[in-house]
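The values are calculated or read from the model by the stated rules, or taken from the named source; none is laboratory data. In this text, all values refer to a predicted model and were calculated from it rather than measured experimentally. A quick note on method: Cβ atoms are made from the backbone with ideal geometry, for glycine too, and the neighbour counts reach across all protein chains shown.
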């Protein structure tokens, strides 16, 4: 076949292709190369045609460092790594084997290619080898971007499902005490802005619930809401988790990955336990807040971000600033609008409200109809709740699940709170003597037991004492049932 006699339309078609293509004859001589091949190799094709294919490639500026040759059945036949650039053409392998051969390779410009050489036969005789080169670099990046988008959508879907379940369970802020009313009044002002908020309070007071309340009232509702617990991420991984990393930034970074700031873009990012943020990483967080941009680990380009930050902690950041473990400038940047949630023991009449809320929640969840006695609610008001709302929620779920009794009594609560199943009961200072407080509590327990069981004998069994003792003390306290 005389290539000089080829139809000009075929030349035009081959030149129009964006993928490099070249053709050699059975002597390994380059007889055709399209414009894309010329650009890839960096050698004018008029200077290349007529040369041995390896000589033509070596005169250009392109070479290959390692390759995986694949047979026609798509199985890897040979893996080769070169310390220096190689210029051997895959077309010669196809010429030698007289069958289709493919090869993956990295070029000296670090692009990734798939090269395929195809034998062309005429009347059963091998005439030419056509080699087609596809640059996979952009395609690979597209796959990485697609994978990042999938991961982001998965995370957002999980967050959406999480908050749907939270809302379905009526996890709203509950409380009418003066401290909570003042707190929610401030939330009303700041929720619709993009101002950074710092939520403080003891463990279990409901910082995450308040965060959700701010998000639900914000202009970013329905957009990404990413939660990061700084205490649960190893210090060595914290930077890459928050800010992402570029491919090759460290061993194992085979592809680029966005961090939590990028995943939360146009939405809200909660940094829970922000006091656990490593000192060395705090300047990078400060820069992200001030400049509204980040740099991935191993990267050089800045990435603009539009994120509303909410920070939460149960630590005293002011003390940490004085100790030098937390940057003063970052503290001031986070503490723009402080929101402090008081501990449950300081919320007075909110305790019955919360207890009733959780009881209704777990009654509905487990198909029960349990209720509090007045004495039981009084015990809950007197209890110090060292674990705050989380402790109350766990306690009431247990009380609803275990036992068939309809009434949740003071003695039932005390059995859990005093017998190692919960924290020890602590009473608020009232000015009464220890003797008076003990007597008052004994009177409440006796009245509840007698009302529930009906006789001094059954009440004594329930209280693990004698029947004469119950009868004597009931008369002493003037109890009727």
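Side notes on the structure shown:
- Whichever residue in segment 212-234 is assigned to a loop (DSSP other than H, G, I, E, B) and in contact (Cβ under 8 Å) with a residue 40 or more places away in the chain and, among such residues, is nearest to the chain's Cα centre (by Cα): 224
- Only one of the numbered conditions (1) buried (at least 17 other Cβ atoms within 10 Å of the Cβ); (2) touching a strand residue (DSSP E or B) at 6+ places or on another chain (Cβ under 7 Å); (3) more than 14 Å from residue 228 (Cβ to Cβ) is not met by residue 292, and that is (1).
- Test: residue in segment 306-325 that is surrounded by fewer than 13 Cβ atoms within 10 Å (Cβ to Cβ) and touching a strand residue (DSSP E or B) at 6+ places or on another chain (Cβ under 7 Å): no
- Unmet criterion (only one of (1) closer than 14 Å to residue 414 by Cβ; (2) outside any helix (DSSP H, G or I)) for residue 379: (2)
- Residue match in segment 199-211 (condition: modelled with pLDDT under 95, surrounded by fewer than 21 Cβ atoms within 10 Å (Cβ to Cβ), assigned to a helix (DSSP H, G or I) and under 17 Å from the mean Cα position of the chain (by Cα)): yes
- Residue within segment 119-136 that is within 30 Å of residue 253 (Cα to Cα), part of a loop (DSSP other than H, G, I, E, B) and either at pLDDT 85 or above or more than 23 Å from the chain's Cα centre (by Cα) (or both) present: yes
- Pairs with Cβ under 6 Å, 6+ apart, first in segment 387-398 and without any contact (Cβ under 8 Å) to a residue 12 or more places away in the chain, second crowded, with 20+ Cβ neighbours inside 10 Å: none
- Test: residue in segment 269-280 that is out of contact with any helix residue (DSSP H, G or I) (no Cβ under 9 Å at 6 or more places or on another chain) and either within 21 Å of residue 212 (Cα to Cα) or modelled with pLDDT under 95 (or both): yes
- Segment 235-246, residues that are surrounded by 15 or more Cβ atoms within 10 Å (Cβ to Cβ), over 14 Å from the mean Cα position of the chain (by Cα) and not in a strand (DSSP E or B): 246
- Those helices (runs of 4 or more DSSP H) lying entirely in segment 393-481 with at least 3 residues in contact with a helix residue (DSSP H, G or I) (Cβ under 7 Å, 6 or more places away or on another chain) and at pLDDT 80 or above: 410-418, 434-453, 467-477
- In segment 325-344, residue farthest from residue 272 (Cα to Cα) [restricted to those that are touching a residue at least 12 places away in the same chain (Cβ under 8 Å) and out of contact with any helix residue (DSSP H, G or I) (no Cβ under 8 Å at 6 or more places or on another chain)]: 336
- Of the set (1) surrounded by 15 or more Cβ atoms within 10 Å (Cβ to Cβ); (2) out of contact with any helix residue (DSSP H, G or I) (no Cβ under 7 Å at 6 or more places or on another chain); (3) at pLDDT 75 or above; (4) under 20 Å from residue 105 (Cα atoms), all apply to residue 41 but (2).
- Annotation note: Cβ proximity below 9 Å between a residue of segment 363-377 that is under 17 Å from residue 442 (Cβ atoms) and a residue that is assigned to a loop (DSSP other than H, G, I, E, B) (sequence gap 6+ or interchain) occurs for 373/409; 375/409; 376/409.
- In segment 303-324, the residues that are under 19 Å from residue 228 (Cα atoms) and either assigned to a loop (DSSP other than H, G, I, E, B) or touching a helix residue (DSSP H, G or I) at 6+ places or on another chain (Cβ under 8 Å) (or both): 305, 306, 307, 309, 310, 311, 312, 313, 314, 315, 317
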